[in-house]
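The values are calculated or read from the model by the stated rules, or taken from the named source; none is laboratory data. Just so you know, these numbers come straight off a predicted model, no measurement behind them. All Cβ positions, even for glycine, are placed from backbone atoms using ideal geometry, and neighbour counts span all protein chains on display. Calculation scope for accessible area: heavy atoms of the full protein, side chains included, ligands and nucleic acids excluded. Shrake-Rupley method; radii C 1.70, N 1.55, O 1.52, S 1.80 Å.
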Amino acid sequence: MESAPLGNKAHRLSALGLLVTFGIVYGDIGTSPLYVMKAIVGATSQLNADYIIGAVSCIIWTLTFQTTVKYVLLALRADNKGEGGILALYALVRRRGRSWLYLLAIIGASTLVADGVITPSITVLSAIEGLKVYEPSTPVIPIAISILTVLFFIQQFGTNAIGRLFGPLMFLWFTMIGLVGLSHVSDSLVILKAFNPWYAVRLLTTSPEWFLILGAVFLCTTGAEALYSDLGHCGKQNIRVSWIFVKTMLICNYLGQGAWIIAHGDGMIRGINPFYAVIPRAFLPVGIAMATIAAVVASQALISGSFTVFSEAMNLHFWPRQRIKYPTDVKGQLYIPFVNISLYVLCVAVILLFRSSSNMEAAYGLAITVTMLMTTLLLGSYLGHSARLRWMMAPVIGFYIVLEGIFLVANLSKFFNGGWVTMLLAGVICLVMYVWYNADKIRGSYVERRDVRDYYDILSDIKADESIRKFATNVVYMSKLAGKYDVEQKVLYSIINKHPMRADHYWLVHTDYVDTPNERSYEFYELIPGTLYRLNLHLGFRVQPFVNLFLRQVIEDQVAAGHFTLRSGFESLQRHHVPGNFVFVFIKRVYAEFNVFTPKARLIMTLYNIVHHLKLSAPRALGLSTSNVFVENVPLVVRQRKIERVVERHAEAEKLQEGLRGNEAIIESD
């Protein structure tokens with residue numbers, strides 16, 4: 001047996017690492033000041049100093065409890081070999097937790113993607129709306145759609161060169177908004193009372209509009225999930241240290257906006273975005289330009305994050321395999337055309353539907369609350385299985401279930417104001433994930449397992465039987481079974497019964513997706529010397545299953561070790577030193593309507609028949625689109641309906657005919 005593991009990428013604390021972190025992690029949460037205070041102002045009809053102080057206090061303590069404590073201090077502990085995010089967390093706990101944990105993962109992932117559709121739309125619109133300060137008739141919607149069109153179009157070429165600028169630009173962005181906000185704190189120093197949590201508690205317990213206030217406040221932390229999801233790109237130390245600066249600048253900006261609102265009163269600020277109001281007019285063009293750049297960075301982070309989520313979902317059997325491209329050599333940078341075009345269409349549709357960032361604020365945040373709640377529950381499972389952290393489970397997870405439950409109740413008020421859009425999209429994505437995962441389990445449960453050792457003699461005899469036409473030098477069967485001697489009955493039927501498949505070498509190749517994110521290792525067995533080989537590939541859930549590349553590496557290792565030869569099995573080709581060919585055989589099991597399932601399973605398989613059209617063909621998904629591939633369709637054989645046998649009735653038929661002839665004679669005599 002051979003094994004070849006990969007090393008892990010380390011992310012040490014460094015100045016360069018901190019700079020990269022600014023550009024990757026904080027795009028979403030860093031653009032929140034564009035619309036949070038505007039949403040808070042619009043959430044009440046009675047605007048006064050106590051209201052603003054209480055609202056800013058809610059922001060400060062939400063950033064503290066929800067972002068700092070939960071994600072920066074707690075969630076970053078739950079790293080899966082250096083990777084984070086809700087699917088990485090699920091992969092970390094699934095083997096130690098209960099079987100239903102997958103439901104938390106698919107709900108969290110689907111709501112994360114769904115609510116993220118609004119992120120590019122609301123950030124770009126909020127930035128471009130700043131131009132209305134100069135010219136109220138500015139065509140905001142066409143400009144925003146144009147920016148998004150360019151952004152989504154360039155994804156196919158890779159964003160490595162642009163990405164190098166994101167870190168410095170976002171550092172300048174945070175510095176700018178922090179200093180601008182700090183310069184206005186003196187407008188009304190009473191805003192500093194917001195650091196006292198009592199003002200937040202008093203506002204929420206005395207205001208009849210508390211749910212609207214919390215719905216607006218929650219927008220300040222919608223990007224918190226990215227701090228955990230981007231763990232693998234930046235490393236926990238870089239995130240924790242950079243967050244100190246980011247949080248300080250965010251709070252300074254919120255304090256400055258709050259002080260400006262208190263100083264200028266209710267009558268003056270209605271219809272004005274406080275974010276642009278605190279920027280000096282001479283500096284406003286620069287502010288709008290920087291806001292637009294920050295919006296593009298936030299949108300890019302969302303798009304890249306969506307690619308990663310769907311890539312992980314494919315390897316976890318949550319989503320149909322899609323075509324994935326790698327536009328650059330940068331690790332982790334990938335491009336999924338289907339996801340890219342879908343996100344683009346949805347973002348444009350959201351802009352045309354809501355038409356302004358103010359309208360989007362009413363819908364934004366509902367779905368991501370569900371994601372955060374699912375992450376909390378999975379974190380509870382992780383803490384429950386950690387001897388060192390188990391003591392934290394009940395008090396910490398209980399606190400966050402209550403806190404996020406309150407936020408969820410507050411955000412439910414957004415459902416009929418547009419939140420239904422993201423929840424509908426999340427529901428569709430979640431349904432596809434649920435169907436795909438369970439259909440895969442149903443199909444796998446009906447695989448007939450055989451011990452290949454019982455067939456050694458017949459396989460050797462087929463190889464030696466020259467009366468059978470040779471199919472290929474090497475025949476590779478993709479197996480669903482991982483055991484050393486396990487093989488599907490359908491594979492044996494293909495080799496032995498259907499059309500004797502004569503070859504010099506038979507390969508049984510199985511791809512196993514493991515819980516560690518970047519693992520690449522294999523197990524190699526020579527079962528029948530010179531005839532039958534077994535290869536088990538162990539790939540992390542972030543590794544693309546390019547079987548042709550991995551098989552080539554394994555063969556090179558075995559040739560070097562003297563366990564395998566690349567010599568062709570055809571004599572005429574041997575004389576010219578032509579290497580043997582490889583033919584990949586796929587057994588495609590087709591679901592038949594006459595199969596008997598439970599009503600639930602029948603519904604799942606019926607829906608699977610619909611969604612499986614999204615799936616990339618197995619050869620292309622495994623990187624074999626240019627190889628010699630042979631696909632065999634076989635029925636998914638399960639227990640069938642009991643049908644009464646048709647019995648032979650020749651004698652009865654003859655008696656019946658004689659009786660009819662007798663009746664005819666009587667009629668004629670009459």
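Values as computed for the structure displayed
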| quantity | calculated |
| --- | --- |
| Selected residue (only one of LEU212, LEU284 is in contact with a helix residue (DSSP H, G or I) (Cβ under 7 Å, 6 or more places away or on another chain), within 25 Å of PHE65 (Cα to Cα) and either open to solvent by 10 Å² or more (accessible area, probe 1.4 Å) or modelled with pLDDT of 85 or more (or both)) | LEU212 |
| Subset tally (residues that are touching a residue at least 12 places away in the same chain (Cβ under 8 Å) and of a type in the set (Asp, Glu)) for region 434-464 | 3 |
| Hits in region 351-369 - residues which are of a type outside the set (Phe, Trp, Tyr) and either crowded, with 23+ Cβ neighbours inside 10 Å or touching an Asp or Glu at 6+ places or on another chain (Cβ under 6 Å) (or both) | ILE351, SER357, MET360, GLU361, ALA363, GLY365, LEU366, ALA367, ILE368, THR369 |
| Which listed residue, of LEU424, LEU408, is within 19 Å of ALA109 (Cβ to Cβ) and open to solvent by less than 60 Å² (accessible area, probe 1.4 Å) | LEU408 |
| Helices (runs of 4 or more DSSP H) contained entirely in region 352-443, each with at least 1 residues that are more than 24 Å from CYS220 (Cβ to Cβ) | 366-384 |
| Qualifying residues in region 519-557 (those that are under 18 Å from TYR506 (Cα atoms) and among the polar types (S, T, N, Q)) - the one modelled with the lowest pLDDT | ASN548 |
| Any chance PRO274 is in contact (Cβ under 8 Å) with a residue 12 or more places away in the chain and open to solvent by less than 20 Å² (accessible area, probe 1.4 Å) | yes |
| Residue that is farthest from the chain's Cα centre (by Cα) [pool: residues in region 580-602 that are open to solvent by 80 Å² or more (accessible area, probe 1.4 Å) and at pLDDT below 80] | PHE594 |
| In region 456-480, residue least open to solvent (accessible area, probe 1.4 Å) [restricted to those that are touching a helix residue (DSSP H, G or I) at 6+ places or on another chain (Cβ under 9 Å) and assigned to a loop (DSSP other than H, G, I, E, B)] | ILE468 |
| Any chance SER342 is of a type in the set (Gly, Ala, Ser) and either closer than 20 Å to GLY84 by Cα or surrounded by 23 or more Cβ atoms within 10 Å (Cβ to Cβ) (or both) | no |
| Positions within region 444-455 being part of a helix (DSSP H, G or I) and under 17 Å from ARG534 (Cα atoms), in sequence order | VAL452, ARG453, ASP454, TYR455 |
| Among residues of region 361-390, those that are more than 26 Å from the chain's Cα centre (by Cα) and under 20 Å from ARG98 (Cα atoms), counted | 3 |
| Residue satisfying condition, being of a type in the set (Gly, Ala, Ser) and touching a Pro at 6+ places or on another chain (Cβ under 8 Å), within set GLY540, GLY530 | GLY540 |
| Criterion: farther than 17 Å from ASP230 by Cβ and part of a helix (DSSP H, G or I) - qualifying residue of LEU112, LEU131, LEU87 | LEU131 |
| Residue within region 94-101 that is open to solvent by 60 Å² or more (accessible area, probe 1.4 Å) and not basic (Lys, Arg) present | yes |
| Checking LEU125 against (1) buried (at least 18 other Cβ atoms within 10 Å of the Cβ); (2) modelled with pLDDT under 85, the condition it does not meet | (2) |
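Results for (1) of a type in the set (S, T, N, Q); (2) buried (at least 16 other Cβ atoms within 10 Å of the Cβ); (3) modelled with pLDDT under 85, shown as yes or no for each residue.
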{"position": "THR376", "(1), (2), (3)": "yes, yes, no"}
{"position": "GLY384", "(1), (2), (3)": "no, yes, yes"}
{"position": "TRP391", "(1), (2), (3)": "no, no, yes"}
{"position": "TYR400", "(1), (2), (3)": "no, yes, no"}
{"position": "GLU404", "(1), (2), (3)": "no, yes, no"}
{"position": "SER413", "(1), (2), (3)": "yes, yes, yes"}
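Residue by residue, here is whether (1) of a type outside the set (D, E, K, R); (2) more than 14 Å from LEU366 (Cα to Cα); (3) without any contact (Cβ under 8 Å) to a residue 24 or more places away in the chain holds:
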| position | (1), (2), (3) |
| --- | --- |
| ALA410 | yes, no, no |
| MET423 | yes, no, no |
| VAL432 | yes, yes, no |
| GLU466 | no, yes, yes |
